[in-house]
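Novice: Have a look at this one before I ask anything.
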Amino acid sequence: MFFTKHRQLIRWIIIIASFAIISLILWNTYVFFQKFKAEERVKMQNWSFAQKDIAETIDLNGTMGNLPLQILESNTTTPMIIQFAEGGLDHRNIDEKKAKNENYLKLLIEQFKNENNPIEIKYNNKVLSTLYYGNSPLLNKLKYYPLALLLIIVLFAAVVYFFYRSSKIATQNKLWSGMAKETAHQIGTPLSSLMGWTEILKMEDTNPDYIIEIEKDIHRLQTITERFSKIGSLPTLEKLDIIEETREAYDYLKTRSSKLVNFNIDTPEYPIYVNLNKQLYGWTIENLVKNAIDAMKGKGDLQLTICQLEEQVKITVTDSGKGINKNEFNTIFEPGYTTKKRGWGLGLSLAKRIVEDFHNGRIKVLNSEKGKGTTMQISLKTI
């Protein structure tokens, strides 16, 4: 109960704590890098002192101890270039093949200058040589460690975000499914009453044409109820003639749409059988036809065509409306996307789910041209 009540506060605390932890890790990594770099500097200074001691010993014809030699030989990781006062170059811990190229060594000297300040090796106030050294392999790896750590944190945050988003969407889907089923339940009561009143009207010698139209609308309400009741559950498919099912949904809208729309339908003369859910497929056709009518603003030509190609049947709905941009071909199927002032943007997303998730088919924008119209296509497997 406490977490639910203070959800927003807890969320901000987690975000601030996360940023604080990330900042602390990055700062500690930076401090460690600088300390490691300083230790490398001390090591290279010791190396230069050993080089100086050897020069002094040679100049005084004295006996050379083991310590300077051990210091010189101990450095096996840090790349370095020694530039002698006479102009010659020597190197350590650099690829021998590449080091044969003097230009390559000169480029490395410039790089090492940027990485670390050079060290001058002096004897009797005279510069014997200059030591240029770069970062060791370990130091280079440590340099990129904060970036790798930051990338891991970003990826982890992305995983958490998408998990949270998926969980939220799943919860919303359950809510919508529950609301849809409750709506279907609520419609059932007045629908039963309407059916009773229809029987009374039949006994009252009411015009039969009126009764027929009322019964059509009652049947329509029953269909809508069945559609809503199926949301959130896996629908049952049965072998049906897709031409008959398409005509039924198409004709219903034709009789109840503007007379300024020229409806045309072109289908084969023979039946084409497909595994369908009658209510959901009819819903899809109605969504496509309604969208086409809206795109034409209630005036224009609407063509529905069914054709069979090998083991597939193609249903296309073409309008003469305003058309859509090519970059919107996939976007229009996303939930909530709409170009209308009134509308929730659910029609095409529902159509996509019905066709692709429940019928293993395919729905897409076949083609569209601004100002000339759009063609939508459904592809389903035949039996």
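The values are calculated or read from the model by the stated rules, or taken from the named source; none is laboratory data. The shown structure was predicted, so the numbers you read here are calculated from the model rather than taken from an experiment. As a convention, Cβ positions derive from the backbone with ideal geometry for all residues, glycine included, and neighbour counts pool all protein chains shown. In case anyone asks, the SASA skips ligands and DNA or RNA and just uses the protein heavy atoms, side chains included. Shrake-Rupley method; radii C 1.70, N 1.55, O 1.52, S 1.80 Å.
Novice: If you check every pair at least six apart or on different chains, which have Cβ atoms under 7 Å apart with a residue in region 343-365 that is of a type in the set (Gly, Ala, Ser) and modelled with pLDDT of 85 or more first and a residue that is assigned to a helix (DSSP H, G or I) and surrounded by 16 or more Cβ atoms within 10 Å (Cβ to Cβ) second?
Specialist: Close Cβ pairs satisfying both conditions: Ala351/Thr284; Ala351/Asn287; Ala351/Leu288; Gly361/Val355.
Novice: Taking Lys122 as the residue in question, decide whether it is of a type in the set (D, E, K, R), assigned to a helix (DSSP H, G or I) and either touching a Ser or Thr at 6+ places or on another chain (Cβ under 6 Å) or modelled with pLDDT under 85 (or both). Before you say what the answer is, go through the steps one by one.
Specialist: Values: of a type in the set (D, E, K, R): yes; assigned to a helix (DSSP H, G or I): no; either touching a Ser or Thr at 6+ places or on another chain (Cβ under 6 Å) or modelled with pLDDT under 85 (or both): yes.
Criteria not met by Lys122.
Novice: Give me a count of the residues in region 254-284 that are part of a loop (DSSP other than H, G, I, E, B), open to solvent by 80 Å² or more (accessible area, probe 1.4 Å) and either in contact with a Cys (Cβ under 9 Å, 6 or more places away or on another chain) or under 15 Å from Leu240 (Cβ atoms) (or both).
Specialist: Residues of region 254-284 part of a loop (DSSP other than H, G, I, E, B): 256-260, 267-272, 277.
Those still in the list that are open to solvent by 80 Å² or more (accessible area, probe 1.4 Å) too: 256, 259-260, 269-270.
Pick out the ones that are also either in contact with a Cys (Cβ under 9 Å, 6 or more places away or on another chain) or under 15 Å from Leu240 (Cβ atoms) (or both) and you get 270.
Total satisfying the criteria: 1.
Novice: Another question, if that's okay. Take Ile109 and decide whether it is in a helix (DSSP H, G or I) and either surrounded by 15 or more Cβ atoms within 10 Å (Cβ to Cβ) or within 54 Å of the chain's Cα centre (by Cα) (or both).
Specialist: Numbers: in a helix (DSSP H, G or I): yes; either surrounded by 15 or more Cβ atoms within 10 Å (Cβ to Cβ) or within 54 Å of the chain's Cα centre (by Cα) (or both): yes.
Answer is yes for this residue.
Novice: I need a count of the residues in region 234-247 that are open to solvent by 50 Å² or more (accessible area, probe 1.4 Å) and at pLDDT below 80.
Specialist: So in region 234-247, the residues open to solvent by 50 Å² or more (accessible area, probe 1.4 Å) come out as 234, 236-239, 244, 247.
Subsequent filtering for residues that are at pLDDT below 80 retains 234.
Count: 1.
Novice: In region 8-36, what residues are of a type in the set (D, E, K, R) and either exposed (fewer than 10 other Cβ atoms within 10 Å of the Cβ) or at pLDDT 80 or above (or both)?
Specialist: Our first condition is that a residue be of a type in the set (D, E, K, R); within region 8-36, this holds for 11, 35.
Listed by number, the list holds a single entry, Lys35.
Novice: Looking for something modelled with pLDDT of 85 or more, farther than 18 Å from Gly373 by Cα and not hydrophobic (A, V, I, L, M, F, W, C) - is there at least one such residue anywhere in region 298-310? Step through it out loud before you land on a result.
Specialist: From region 298-310, those modelled with pLDDT of 85 or more are 299-309; that's our starting set.
Next, from what is left, pick out any that are farther than 18 Å from Gly373 by Cα: 306-309.
Add one more test, that the residue is not hydrophobic (A, V, I, L, M, F, W, C), and what stays is 308.
So far as region 298-310 goes, yes, one or more of its residues are modelled with pLDDT of 85 or more, farther than 18 Å from Gly373 by Cα and not hydrophobic (A, V, I, L, M, F, W, C).
Novice: Turning to a different aspect of this structure: Is it the case, given these coordinates, that Ser166 is assigned to a helix (DSSP H, G or I), of a type in the set (S, T, N, Q), exposed (fewer than 11 other Cβ atoms within 10 Å of the Cβ) and modelled with pLDDT under 80? Full working, then the answer.
Specialist: Numbers: assigned to a helix (DSSP H, G or I): yes; of a type in the set (S, T, N, Q): yes; exposed (fewer than 11 other Cβ atoms within 10 Å of the Cβ): yes; modelled with pLDDT under 80: yes.
Yes: the conditions hold for Ser166.
Novice: Here is a further query. Only one of these is open to solvent by 60 Å² or more (accessible area, probe 1.4 Å), hydroxyl-bearing (Ser, Thr, Tyr) and in a helix (DSSP H, G or I): Tyr210, Tyr250. Name it. Break it down stepwise before answering.
Specialist: Working: Tyr250 fails: open to solvent by 60 Å² or more (accessible area, probe 1.4 Å).
Unique residue meeting the criteria: Tyr210.
Novice: Please tell me if Lys141 is charged (D, E, K, R), assigned to a helix (DSSP H, G or I), out of contact with any strand residue (DSSP E or B) (no Cβ under 9 Å at 6 or more places or on another chain) and open to solvent by 50 Å² or more (accessible area, probe 1.4 Å).
Specialist: Details: charged (D, E, K, R): yes; assigned to a helix (DSSP H, G or I): yes; out of contact with any strand residue (DSSP E or B) (no Cβ under 9 Å at 6 or more places or on another chain): yes; open to solvent by 50 Å² or more (accessible area, probe 1.4 Å): yes.
Taking the combined requirement at face value, the residue satisfies it.
Novice: Can you tell me which residue within region 81-106, out of those that are assigned to a helix (DSSP H, G or I) and open to solvent by less than 80 Å² (accessible area, probe 1.4 Å), is modelled with the lowest pLDDT?
Specialist: Start the filter on region 81-106 by keeping residues that are assigned to a helix (DSSP H, G or I), which leaves 96-99, 102-106.
If we keep only those that are open to solvent by less than 80 Å² (accessible area, probe 1.4 Å) as well, we get 99, 104-105.
Details: Ala99: 81, Tyr104: 85, Leu105: 87.
So the residue we want is Ala99.
Novice: For Thr78, which of the numbered conditions (1) modelled with pLDDT of 80 or more; (2) in a helix (DSSP H, G or I); (3) among the β-branched types (Val, Ile, Thr) fails to hold?
Specialist: (2)
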